[in-house]
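The values are calculated or read from the model by the stated rules, or taken from the named source; none is laboratory data. Note that the structure is predicted; figures quoted are calculated from it, not measured. Heads up, the Cβs are rebuilt from the backbone with ideal geometry, glycines too, and the neighbour counts pull from every protein chain shown.
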């Protein structure tokens, strides 16, 4: 699958792991939107069943029914008496099962996309039993006098959107019959995927860092990884200039990310405002280059000053920022995440100017806070974060610890 889908995360899902009767259930790829679940499912299906006629994709939605998915009676014209005539019409699963039975030497794969968006017990009915017991047969709703079974060479790959509130409808019976593979941007092979993709494509790496930082905040606020931002939203070309990169990211953010944020924080305008594009750029975006173009002499002086800080000094301060705040501080995860974000930005801000991040320079602090374009209430909070940073890294006489 990785050969056919180089952008897909290397999950190590071999055909043997996708389905093994009585030992391994079908696979369910579960994660937030934009993590490549459907992309990988299609790539896996193509590897497992190279013949296109042996692959099928069905997308569930709230009105999907048993009759849509398996089989049901549908109008088939009118009879000799002029009345509407009904015929038992196979759905995609019945057709695929019959095809797989007629070609037992060929592997068949059905992808069920967005499996949690419908009423699963109503849609699957007695078929849920057959997902696990392939050597058994049942009498189906519209064929009570016939035996029906799912052939061994028909495998299933499902996808599930964990941001969809209907995930609560996925009952234990279904969960037990599928092998759930987590697709979360902060763990497993997915962790750092966007950064690796941007690096491979020669795109700006600061975008990956920004998305990771926002996901850290969302994880702390929402207490889990099920609503994080998927990397595929940001797998785009951004151009060479900083202005062009920002503008293209702004379009992605405003049209793809902000509607998602509005939905998750409905009724909480403060949280929604916190994740607007300008606010996110202020917290996690790159330092504006306007200072260098507007004041070349100041930029040159900053460059010369930066040379006075050794690589060891920079690494030391970045490690301190990564470890901030101290683990023994009894604070909430969201507050801890905000402190880490502010101090990380301040350390980068100082190092870019060749300044020691432990320096309590009011002019430098004011310049930093002004560059963030934040509200007065946030400024007051950020000043408090910086004060704790300075107090921790200085002794009473003002020297560095």
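Against the condition assigned by TED's automatic domain parsing to the domain that holds residue 221, closer than 20 Å to residue 213 by Cβ, at pLDDT below 80 and part of a helix (DSSP H, G or I), how does residue 378 come out, does it pass?
Against the criterion (assigned by TED's automatic domain parsing to the domain that holds residue 221, closer than 20 Å to residue 213 by Cβ, at pLDDT below 80 and part of a helix (DSSP H, G or I)), residue 378 qualifies.
Do we have residue 66 as touching a residue at least 60 places away in the same chain (Cβ under 8 Å), farther than 16 Å from residue 28 by Cα and out of contact with any helix residue (DSSP H, G or I) (no Cβ under 6 Å at 6 or more places or on another chain) here?
When the stated conditions are applied, residue 66 does not pass them.
Looking at region 65-120 only, could you name the residues that are touching a strand residue (DSSP E or B) at 6+ places or on another chain (Cβ under 8 Å), at pLDDT 90 or above and assigned to a loop (DSSP other than H, G, I, E, B)?
Scanning region 65-120 gives 65, 70, 91, 107, 114.
Looking at region 289-306, is at least one residue at pLDDT 80 or above, in a helix (DSSP H, G or I), out of contact with any strand residue (DSSP E or B) (no Cβ under 7 Å at 6 or more places or on another chain) and surrounded by 15 or more Cβ atoms within 10 Å (Cβ to Cβ)?
Among the residues of region 289-306, not one is at pLDDT 80 or above, in a helix (DSSP H, G or I), out of contact with any strand residue (DSSP E or B) (no Cβ under 7 Å at 6 or more places or on another chain) and surrounded by 15 or more Cβ atoms within 10 Å (Cβ to Cβ), which makes the answer no.
How many residues are closer than 13 Å to residue 232 by Cβ and surrounded by 18 or more Cβ atoms within 10 Å (Cβ to Cβ) when one looks only at region 188-206?
So the count comes out to 4.
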